[in-house]
Each structure stands twice: as C-alpha cells, then as structure tokens.
There are 2 protein chains.
Amino acid sequence: MSATIETRKGYAPQTPATLAAYLSGIPAVRMILGGEPAQWRVTEVGDGNLNLVFIVKGPSDGVAVKQALPYVRLVGESWPLPLSRAHYEHMALTEQARLTGRLVPAIHHYDEKLALIVMELLEPHIIMRRGMIAATIYPKFADDISTFMARTLYFTSDLALTAEKKKAMIAAFAGNTALCKITEDLIFTDPYRVAELNRWTSPQLDPYAARWREDVELKVAVSRLKLKFLSSAEAMLHGDLHTGSVMLTPEDTRIIDPEFAFMGPMGFDVGAVIANFLINYFSHDGHEERPGERDKYRERVLAMMEQIWTGFRAKFLDLWRQNPTGDAYPPSLFAGEAGAAALEAERQAYMDRLWTDTLGFAAAKMIRRILGLAHNIDLELITDKDRRATCEARALTLARDMMVHTGDYTSIVIVAEAARKVRSEMKSY
Amino acid sequence: MSATIETRKGYAPQTPATLAAYLSGIPAVRMILGGEPAQWRVTEVGDGNLNLVFIVKGPSDGVAVKQALPYVRLVGESWPLPLSRAHYEHMALTEQARLTGRLVPAIHHYDEKLALIVMELLEPHIIMRRGMIAATIYPKFADDISTFMARTLYFTSDLALTAEKKKAMIAAFAGNTALCKITEDLIFTDPYRVAELNRWTSPQLDPYAARWREDVELKVAVSRLKLKFLSSAEAMLHGDLHTGSVMLTPEDTRIIDPEFAFMGPMGFDVGAVIANFLINYFSHDGHEERPGERDKYRERVLAMMEQIWTGFRAKFLDLWRQNPTGDAYPPSLFAGEAGAAALEAERQAYMDRLWTDTLGFAAAKMIRRILGLAHNIDLELITDKDRRATCEARALTLARDMMVHTGDYTSIVIVAEAARKVRSEMKSY
C-alpha cells in the first residue's frame, strides 16, 4: 500500500451522468451503442473489490466500461492503489486477445489518462463462480480455460519467444508492483501470521487459524512459493485467474480482469483454477438442501478439474512441439532420433515440474480464501456457520497436505481422490 | 547479433589524440592527472574482446578510460554490438561500488553519449588469469571474491530487497539483451552443435567435440541451465565473472568489466569463478617445465576454490541472518524458537539449491572455454597441442560429469577430489 491517493491530470472517476457524454466523443463506441447519448442507459454495477464498472446500453447494442479508482474500492481511500493497473490490464488483454481470440472480451477503446477501458458487453454471461454455486453445467469450460492457459503461458515463455522479446515483456510489466504486492501479502504472507486484515469463520476455525500460524513446515513451503512468485519470470500471467474472473454461458467463455498481470511462474495461474475448483467441490455440502443432492455435480466439478489439467498439459506440450520458436531448448540441439526422444522426455519432465508448482500455488490459493482477507462466495454464501466451517476445514486440510507433501500428489487424479477422501473422512471441522 | 552498426549523435571512438582534449574538459579528471593536457601520455591497451581501453598518465596520477565500440572488437564490424553496454556496465559498477566499496575501481566520470567510463587506474595490478598462469600466490583473493559475490548477490535479491525495488532493478537491466544473447549462444548453445564460431584443439579433440554434439543427456542438462539463465531473475549478476575480469596484486583485488550485468540466477556468477579455478588447475600440466613442479600451486588452486565456495556460503548466510529486509521469507513468519530453527534449516536448503545451480553453470563455463568461441589463455598459452589437449580433455570430462551427475557432487571438497582423480587417471586426451 502506498501512502497517498494518486492524482493524475485529466483523471476523474466517472459517474453514470458523466459517462454518456464521454462515450459520445468516441465514434467507434457511438456506433456500437447507436442512437443519441440521451437514449443511452448507464448503470454502475461494479461488485468487485477494486474498480468502477458500468454497463451502457444504447438502441443498437451495449458496452461495458471499467475504470480504475486510485484506491481499493472495497476498503476505501485508506488503501490507495495506483491507476496504472488499467495500463497493465489493457496490455495483458491486448496480448491475450492476440493469443486466444474470443476467449477475452473485445476492447473498443482505452483511455490511459482516465484509466478506463471500454469493452464488449458480455450478455447473457454471468460470473462463473455464481454459476457453479448454483450447480450450473458448463460443458465447454474445461476446454476453453485449458486453451486459454496453454496459449497465453506458452507463447509468452522462453519456449516461444526470443530472449529479447521476452525481456521486453518483463520490463513492460515490471511496474505493476502494487498489484503484485497485494498477492505477495494476502496470499503468501498474511494467512500465516497475525494480520489485521485476516478473517475466518469464527469461533469454529479459530484453532485452524492458530495452528496455521504455528505450522513451520507450511510456512517454509509457502515462503518458497513466494520466492518463486518474486523471482521466476516464466511467462505472462493473468495473475488472478479464479472463477470470479470468468464470465460465461454454457456456450461461451470469456476471461476478464487481468489487472494483476505480470511475468511470473506459470503454476500460479494454473494453480488458481485448480484451487477454485477444489473450493467449489467442498462448498456444495453447504449449499445442498439434503445430503447427497449434489453428488453428481460434485463429481462433475472434480472431472472438470481433471480435464482442465490434462487438457492444459496436452495443449501446452503440443504448442511446444509445433512452435519451438523460443531461445530455450533450441531445436538445433535436438536433431535426429535420439535428440527428438530426449527433448520429448524433457518436455514431459518440464510439465512435471510445472505440475509441482501448480499444486503448491493451488494450495496457497485455497488457504488464503479461508484464512486471509478475500474470501470466495462459494463458501461465504453458506449461512450456517458450522456447515461452512466444515467445508472450509476440509479445504484447509487438503491444501495443507498438498503444499507440504507435494511429492505425494503425482497426478490430478490423485488430487481428486484426496479431495473425496478428506470430504468423506472429516465429518466436521 | 543485430544487423547494423549502431550510430549515435555525439558518439565517436576516441583515439589517443582526441582523448586528452576530451579529458581536459572534465575538471575532476584534470585534477587527478595534474599538469597540462600536453603533458599527458595516452596509450591504447585494450586486449579484451569488445572495447577500447586507454591508460592516461599525467604528472600527478593516472586514469583508465574504457569506451564501447558499436561492434565486437575481436571480430570487427561484421558483428555489431550496441553501445548501451556501457550504460549497463556503469549502472552495475555503481551498484557494486555501493555494496563492496573498494573491490571495484572507482568511477571518475561517465559519458553516456560517448559510451565511455573514466575510472581509477589500477597499478600495479595485473589480470588475475595471467598471474595464475605464472603460479602467483594471491592470499587475499578467496576472501575478497567471496565477499564480492555474497554482497552483490545477496543485497540485490528478494532476500534483501522489497519486491518493488527488485522489479525496478529487473526493468533497469532488461535492455541488456545483446550481451545476454552472447552468453546464451556462446555458452549454452553453440558448443553443443555445429556452429561456425566454435573452435577447439584439433585434431586432438575432434572426437570430444563430436561426442559432445551427440550427447543428449548433456544437451538436456545445458538447456535446463539456459532456461534458468533466461527466466530466473534472482539477483544482479556481474555476468562475466572469470579470472580475466579480476585485476589484482597480492594485497588488493578489484573486479572489473561488468558489462554483461543483468538480473539472473546467482549460480551463474559463482559457477564462473569455480570454473576458472578448475580450468587453471588442469592447465598447469601444460605450463610446468618438469612434471610435478607445480604440485604445490595446483593444490593451492583447489584449496582457494574450496575457500571461495565455503566463504561465499558462510558470508551469504550471515548477510541473510543479519539483514532479512527483503520480501522473501519475512521474519514475521518465523518468530519464536521453532520458527527460527525452521528458517535456519531453509537457509541451508536454499544454499544447497544454489550449490546445485553453481555446479551446472561452472560445468557449462568450462566446456565453452574448450569447445566454443572464446578460450582461456590458461589453456591457449600451452604451445604443445598434445599437452594442451590432455589438459582440456580432463577439464571436459570433469565438466560433463558435473553437469549430468550434479547430485553426486554434494560439496566443493568432492569437486576438488574429482578434479584430482580425473587428472591422475586420464593420462592423455
């Protein structure tokens, strides 16, 4: 957290009243909305933690407008946050669009001074987390998210880029420190110590929170992950790839909100997705009206999680085989049959290392959602605190084991099996 | 290699004739030299691969002047190289001076436009490599170089810096891509494939060069190291820390020429020093006039190598214990007796991982000096090609084993022992 609220010449937070006038000055947006500004309906809908979000509808069509505030919306002016995050979000969105096409919203306009992005209005898409809480089936998601991760991570890595291009990307994202610091503090540090911002289901989970703060094995493990987050510039990360950063319908998936983007360790993005599926898996015991009612959906969540990792792994490997254009592992070193076989074995070993990272980061993400500041509505919407605490205790227990005994989890199938086991064996928090 | 020779407004390569006039315009330098420009003696002494180097002596004192050329001096205009390397060298020198004081030459003046640094004239210092070839004893070196590495690496890492400061350094050095590319190509790639620039003692080592190009285990190992070099931004590296980048007397050590500086994996610097000691160890069989004449010096080289690593490890650990100011491993997570013990164990584990990296990078550095473009005079000055090839074959054999069976080398003592064993067992190339 920086000390003071940023000011910027030409910056002013928009209101529904000012926004229509502003948008009417942008021909491309005017064309999309159609009619006259007086006919446009503007509503502020931001329910995230950080920004203003408006939906603007005209006679022809609509747009979404996202504007950064110079502070954390959820907390207020006491927690300043730089406007530059819109710059990084725009840069990441542009790169993601180039690499994945329609898996991100189209950008209609970007205003650096106003820290404001006008983008495609996604309708009738909803936030995935809400859909999963309601046990909605998304048959395309596993395929889409594994494509998104494989393409954005592969093509911004040393496997695909020259060192020169890669270093230019590192420099371009290096300034997004304030957003990275949120991750560093809230995910890798605060849940493991007494911190003002921590919260958890209390008093039920008080013993867990206390044990987690004393668990030196866990604290060493999470600190190693933090070091990796700080020093491994493997690829351009989305940086906040949870199910709240996905808007979708059963037919169409869009990944939004990459303002935490920077060049970091790939396992952080992949782990975020896995973590959110595991949390959702455990949460249904708090949502179902009679025990077992959601057994089928629960199993579907685990099956999707398996498909996401196996799909990601297969697609990433395939991109590597098809596009060995980077400075790492130059094809000229691996000519001939023996070379090809050795390189293929190394590709598999590379994915195994990435799997290990993924497990650790997934565990860190699960823990922070239960013992840290920012929680998931998957769990928060469970009103019965005892039931919620039981779901949470199961997630914590699995996450701790994944982080400390990473080597035991040799495949995603074993993770799914462990989740089932924890759920069936832990009767209560 | 970029395609064209860089031009820059205001840049012109200096000559002894122009340099005195230029320096006379810099009051600080004028004061050091004393007298009038007409009394100054300017000589060009550059014997390195890349730059112009002048020594200027006046009635009072002297200075050294280093100027980048827009191409590789050794090769000529067919190999362009950006002038910006003087910028990165100046930045690294400044940082190293802040962290290590008199272990680097003092900077008197820096001219960005001319890509020129005026610095302390080191007299009667000589290039360490020449001193070691002559079996000169340097009683202070192990202590000085281990201090240099411990302080420059520790204080530019996530263990000492905030993430914000660290990312700013990453961005500041990210543009030094042309120099990094030299390392990427000449160390991690070319020696393992047919490349125009490769050379070796031929025909004696032809079978070695051929075997190295076919050795898939080795090529996978060196490619993993290259990936680490490309993606691990652990600390500010010197980037070219061989015994040719050291000027010294038995009493005084100075580290020069950090134009390859960037934020990379620490083991690369430490490995460079170890590699150069091993090469020097093997080289004395080519220099001694009767067998065994240099036995004592040889053992001294291995003893210094051991002191360098053990000194580095102890000093780095101590800096960590005394200055835990970085965002990695925050002390607040490791309060209390159990926390302190766990953190200390993790510090040791951290150094073990760094040791593994060091071994691999050391091996890569040894191989490139024998099968790649740039060789060491330790070996090149051996005129009898059979004797030279035997020294080189031993170094190659040890290096290959270190890189492929890294796990067998659990300590620096074992590396020294392995060097002795290879030397005594391999009678000829």
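Given N residues in region B:16-120, what is Rg(Cα) / (2.2 N^0.38 Å)? Present the calculation step by step, with values, prior to reporting the outcome.
Details: Rg = 14.0 Å, N = 105, 2.2 N^0.38 = 12.9 Å.
Against the compact-globule rule of thumb, the ratio is 1.09.
Can you pull the Kirkwood radius for region A:342-429, inverse mean 1/r over Cα pairs, to one decimal in Å?
Computed over Cα pairs of region A:342-429, the Kirkwood hydrodynamic radius comes out at 14.2 Å.
Separation between the B:Asp384 and B:Met426 pseudo-spin-labels, each 7 Å from Cα along Cα→Cβ, expressed in nm?
Roughly 1.8 nm, to one decimal.
Using the beta-carbon distance between A:Lys140 and B:Gln322 and R0 = 56 Å, what value does 1/(1 + (r/R0)^6) give for FRET efficiency, to the nearest 0.05?
It comes to 0.55.
Arrange A:Ser78, A:Ser232 by Cβ neighbour counts within 10 Å, fewest through most, would you? Spell out each step's value before the answer.
Working: A:Ser78 9, A:Ser232 20.
Starting with the residue having the fewest Cβ neighbours, the order is A:Ser78, A:Ser232.
Count the net charge of all other residues whose Cβ sits under 11 Å from the Cβ of A:Thr162, scoring Lys and Arg as +1 and Asp and Glu as -1. Each step should come with its number before you reach the end.
Details: positive: A:Lys165, A:Lys166, A:Lys167, B:Lys181; negative: A:Asp158, A:Glu164, A:Asp327, B:Glu184.
Local net charge: 0.
So the label point sits 7 Å from Cα along the Cα-to-Cβ vector; using that for B:Val413, what distances do you get to the other copies, in nanometres, sorted shortest first?
4.6
I'd like the projected area of the protein assembly as shown, averaged over all directions, using the convex hull of its alpha carbons. Report it in nm² with one decimal.
Details: hull surface 157.5 nm².
One quarter of the hull surface, i.e. the mean projection, equals 39.4 nm².
Eigenvalues of the Cα gyration tensor times 5, then square-rooted: what semi-axes does that give for region B:91-188, in whole angstrom, largest first?
Numbers: eigenvalues 135, 71, 59 Å².
Calculated on Cα positions only, the semi-axes equal 26, 19, 17 Å.
Remind me, relative contact order of chain B in percent, using alpha carbon pairs under 8 angstrom and six or more residues apart? The partial results should precede the final answer.
Details: 715 pairs, mean separation 72.9, N = 429.
Taking the mean separation of contacting Cα pairs over the length of chain B, I get 17 percent.
Given C-alpha coordinates of region B:279-429, what is the ratio Rg to Rh with the Kirkwood estimate of Rh? Display every interim value, and only then the final one.
Working: Rg = 19.2 Å, Rh = 17.4 Å.
On the Cα set of region B:279-429, Rg over Rh gives 1.10.
Excluding B:His87 itself, what net charge comes from residues whose Cβ is under 14 Å from its Cβ, given Lys and Arg +1 and Asp and Glu -1?
Details: positive: B:Arg8, B:Lys66, B:Arg85, B:Lys113; negative: B:Glu6, B:Glu89, B:Glu95, B:Asp111, B:Glu112, B:Glu259.
The answer is -2.
May I ask you to sort B:Glu293, A:Glu251 by Cβ crowding, counting other Cβ atoms within 10 Å and putting the fewest first? Each step should come with its number before you reach the end.
Values: B:Glu293 13, A:Glu251 9.
Arranged by neighbour count, lowest to highest, B:Glu293, A:Glu251 become A:Glu251, B:Glu293.
List the distances, in nm to one decimal, from the label point of B:Arg130 to the label points of the same position in every other copy, shortest first, placing each label point 7 Å from Cα along the Cα-to-Cβ direction.
7.6
Starting from the Kirkwood radius over alpha-carbon pairs of chain B, derive D by Stokes-Einstein at 10 °C in a medium of 1.306 mPa s and give it in µm² s⁻¹.
Working: Rh = 22.6 Å.
Translational diffusion coefficient: 70 µm²/s.
From the cross-link list B:Lys9/B:Lys66; A:Lys167/B:Lys166; A:Lys385/A:Lys427; A:Lys167/B:Lys228; B:Lys167/B:Lys365; B:Lys385/B:Lys421, which pairs have alpha carbons spaced over 24 Å apart?
Values: B:Lys9/B:Lys66 19 Å; A:Lys167/B:Lys166 15 Å; A:Lys385/A:Lys427 15 Å; A:Lys167/B:Lys228 14 Å; B:Lys167/B:Lys365 28 Å; B:Lys385/B:Lys421 22 Å.
Check vs 24 Å cut-off fails for B:Lys167/B:Lys365.
Hey, how many Å between the Cα centroid of region A:378-429 and the Cα centroid of region B:1-76?
The two parts, judged by their Cα centres, are 67 Å apart.
Which semi-axes, in whole Å and largest first, does the equivalent ellipsoid of region A:121-170 have when worked out from the alpha carbon gyration tensor as the square roots of 5 times its eigenvalues?
Values: eigenvalues 220, 30, 14 Å².
Over the Cα atoms of region A:121-170, the ellipsoid semi-axes are 33, 12, 8 Å.
Quick check: Cα centre of region A:102-176 to Cα centre of region B:299-334, how many Å?
Their Cα centres are 41 Å away from one another.
Spin-label point model (7 Å from Cα, Cβ direction): what's the A:Ala97 to B:Lys165 distance in nm?
A separation of 3.9 nm, rounded to one decimal place.
Counting alpha carbon pairs within less than 8 Å and at least 6 residues apart, what relative contact order, in whole percent, applies to region A:228-295?
Values: 80 pairs, mean separation 24.0, N = 68.
This gives 35 percent for region A:228-295.
Rg to Rh ratio, region A:131-204, alpha-carbon atoms and Kirkwood radius? Don't skip to the answer; put the middle values down first.
On the way: Rg = 18.7 Å, Rh = 16.5 Å.
A ratio of 1.14.
Shortest first and in nm with one decimal, please list how far the B:Arg290 label point sits from its counterparts in the other copies (point 7 Å along Cα→Cβ).
In nanometres, ordered from closest: 10.2.
Set the Förster distance to 45 Å, then compute FRET efficiency between A:Ala28 and A:Ala338 from the Cβ-Cβ distance, nearest 0.05.
Computed FRET efficiency for A:Ala28 and A:Ala338 comes out at 0.25.
Taking K and R as +1 and D and E as -1, what net charge do the other residues with C-beta under 9 Å from the C-beta of B:Tyr71 add up to? Present the calculation step by step, with values, prior to reporting the outcome.
Numbers: positive: B:Arg73; negative: B:Glu6, B:Glu77.
With Lys, Arg at +1 and Asp, Glu at -1, the neighbours total -1.
Any read-out appearing in this document is the output of simple, stated calculations on the displayed coordinates, not a laboratory observation. Everything quoted here is computed from the prediction, not taken from an experiment. Counting neighbours? That spans all protein chains shown, and the Cβs are built from the backbone with ideal geometry, glycine included.
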